[in-house]
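One structure below.
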Amino acid sequence: MRKGLKLLLIIAILLINIGEVNAEDDYATNGEYYEELCTSGNGLTEEQKAACEGYRAYLSSQTASMQEQLAQIESQREEIAANIQEYAEKIRDYDAQIETLNSQIASLNNEILVVQAQIEEKQAEIDAKQAEIDSLKGKIEDRMVASQSSMRLNKYIDLLMGAKNLQDLLRRANGIKTITEYDQNTMDEIKVLIDELNAIQAQLESDKAELEVMKQEVVDKQQQVVYLREEARVVKEEYMKQEAALEEQGNKIATDISAINEKMNAISAELGNVVASAGWTRPVNCSIYEGTWHYSSGGVHLGADFSTSIGTPIVAVGNGVILKSSDGCPAGYLGNTCGGSGSTGGGNQVYLLTNINGSLYAVKYLHMLAGTPIAAGTIVNAGDKIGEVGTSGNSSGPHCHVEVFYLGTMSIQEYATSWNGDLSFGAGWSSAALNRLCENGVGAPCRVKPESVFGG
Ligand SMILES: [Zn+2]
């Protein structure tokens with residue numbers, strides 16, 4: 001009997017659990033039905049009233065867990081943002097140090113040129129003095145040979161030839177009694193010249209030593225630059241990774257979705273009249289500086305960066321509607337997290353929903369100039385201006401970051417009025433987004449490589 005009761009209890013618990021799971025699935029998939037049923041007010045059966053109570057409980061539990069997740073994401077975001085600021089500061093610091101070193105190297109190189117010119121000048125002076133000495137020496141030798149006719153010529157030449165150097169020659173010549181006053185003067189002149197020569201040579205040696213010190217300094221500083229560049233590269237790489245993580249943890253969902261829904265429902269009929277564009281229009285009239293799916297230095301990069309000057313017009317790539325717009329970010333810098341109600345770090349942003357050749361696409365434009373993003377709910381034609389190039393948010397210079405999402409064949413009207421505010425349109429973020437690339441045969445929603453539709 002006790003065994004039988006226990007069994008019954010287990011079955012009852014199982015049934016209750018299955019019932020709960022089934023009810024959750026039911027609430028999730030038939031939300032519209034319950035919304036209508038539970039807001040209709042009176043005339044509900046007891047069973048329906050119980051179902052509505054269950055539905056409300058389900059909703060509040062969903063909200064609570066979502067809020068918890070959002071809080072978690074927010075705290076992680078701050079942590080990553082703090083790191084990224086640190087990295088950005090380090091990169092700026094490295095760049096400044098490298099710049100200083102490079103200017104020091106440039107001025108050292110200039111000094112080296114000056115010293116080198118001095119050395120050449122001194123060398124020429126030395127050569128001139130040496131030539132003068134040689135010619136005076138030659139004169140004395142000639143005169144001595146001529147005036148020593150009484151001496152046996154060969155003996156005299158032997159004497160001179162035996163001289164080890166000029167001093168020795170002078171000493172030997174001094175020893176010859178018949179030396180004239182004229183010769184003595186010439187030899188004094190030679191002595192003065194030799195002293196001058198030695199002084200210049202000493203200066204030359206010290207210039208050469210100075211030159212060597214400066215050259216070594218240049219080599220040291222150049223090595224320092226190489227070292228700093230490598231450190232900056234490593235930090236930059238880490239920065240890129242952190243940036244991708246930041247994007248992943250950032251605002252994934254438009255914070256103004258209920259207002260957007262209202263707007264889209266209000267213009268629902270107009271949305272139904274938007275005609276498909278034939279082909280793509282280039283978003284910014286300039287070349288792509290950094291491409292998709294990775295930065296040239298590594299790190300995930302989910303869009304193409306159109307790089308050009310501040311204020312360059314940004315246009316709609318096709319006919320459609322501005323689904324979302326975010327404004328109010330000043331000029332940013334690497335590590336800046338400003339994104340308004342849109343993606344963290346994206347600065348001032350516009351999200352266009354467009355139909356091109358009969359397919360539905362979303363296009364995300366980032367880093368616009370403050371005050372230029374076109375308002376959400378504006379219906380646009382291909383080529384219409386929707387903003388201007390800026391450098392707001394996480395940006396190191398004026399550019400427009402463009403991402404393209406393929407959303408299938410739903411109509412603009414249908415998609416816009418039921419959009420859930422997901423700023424990656426169901427195609428994921430960061431490295432996980434690389435699992436949803438249209439080019440790999442993944443169906444909608446998937447990410448389109450901008451270069452494949454706009455060219456390089
Ligand atoms: Zn970019």
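The values are calculated or read from the model by the stated rules, or taken from the named source; none is laboratory data. Please read all numbers here as calculations on a predicted model, not as lab measurements. Counting neighbours? That spans all protein chains shown, and the Cβs are built from the backbone with ideal geometry, glycine included.
Candidates are the residues of the range 406-445 that are of a type in the set (S, T, N, Q) and surrounded by fewer than 15 Cβ atoms within 10 Å (Cβ to Cβ); the one that is modelled with the lowest pLDDT is 420.
Yes/no per residue for (1) in contact (Cβ under 8 Å) with a residue 40 or more places away in the chain; (2) small (Gly, Ala, Ser); (3) touching a Ser or Thr at 6+ places or on another chain (Cβ under 7 Å):
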residue	(1), (2), (3)
365	yes, no, no
368	yes, no, yes
379	yes, no, no
386	yes, no, no
389	yes, no, yes
392	yes, yes, no
435	no, no, no
455	yes, yes, no
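The residue that is surrounded by the fewest Cβ atoms within 10 Å (Cβ to Cβ), counting only those in the range 327-367 that are of a type in the set (Ser, Thr, Tyr) and more than 16 Å from the ligand (Cβ to nearest atom), is 359.
The sole residue among 424, 411, 452, 392 that is more than 16 Å from the ligand (Cβ to nearest atom), of a type in the set (Ser, Thr, Tyr) and within 27 Å of residue 259 (Cβ to Cβ) is 411.
Can residue 309 be described as within 16 Å of the ligand (Cβ to nearest atom), small (Gly, Ala, Ser) and farther than 28 Å from residue 255 by Cα? Against the criterion (within 16 Å of the ligand (Cβ to nearest atom), small (Gly, Ala, Ser) and farther than 28 Å from residue 255 by Cα), residue 309 does not qualify. Beta carbons closer than 9 Å, at least 6 apart along the sequence or on distinct chains, pair a first residue in the range 399-425 that is touching a residue at least 24 places away in the same chain (Cβ under 8 Å) and outside any strand (DSSP E or B) with a second that is within 16 Å of the ligand (Cβ to nearest atom) and of a type in the set (Gly, Ala, Ser) for 423/250; 423/342; 423/343; 423/346; 424/343; 424/433.
Scan the range 268-286 for residues that are small (Gly, Ala, Ser) and not in a loop (DSSP other than H, G, I, E, B) and the total you get is 3.
On the stretch given as the range 287-314, residues that are touching a His at 6+ places or on another chain (Cβ under 9 Å) and either loosely packed, with under 13 Cβ neighbours inside 10 Å or part of a loop (DSSP other than H, G, I, E, B) (or both) total 6.
Taking residues in the range 261-285 that are closer than 26 Å to residue 311 by Cβ, and partners anywhere that are assigned to a loop (DSSP other than H, G, I, E, B) and among the small types (Gly, Ala, Ser), the pairs with Cβ atoms closer than 6 Å and at least 6 places apart or on different chains are 277/318; 277/382; 281/382; 281/383. Filter the range 368-389 down to the residues that are closer than 19 Å to residue 454 by Cβ and away from the ligand (no atom under 16 Å from the Cβ) and list them by number. Selection gives 380, 381, 382, 383, 384, 385, 386, 388.
Is it the case that some residue within the range 389-397 is hydrophobic (A, V, I, L, M, F, W, C) and closer than 30 Å to residue 272 by Cβ? No, the range 389-397 has no match at all.
Here is a yes/no grid of residues against (1) of a type outside the set (Phe, Trp, Tyr); (2) at pLDDT 95 or above:
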| residue | (1), (2) |
| --- | --- |
| 293 | no, no |
| 300 | yes, no |
| 307 | yes, no |
| 313 | yes, yes |
| 332 | yes, no |
| 335 | yes, no |
| 344 | yes, no |
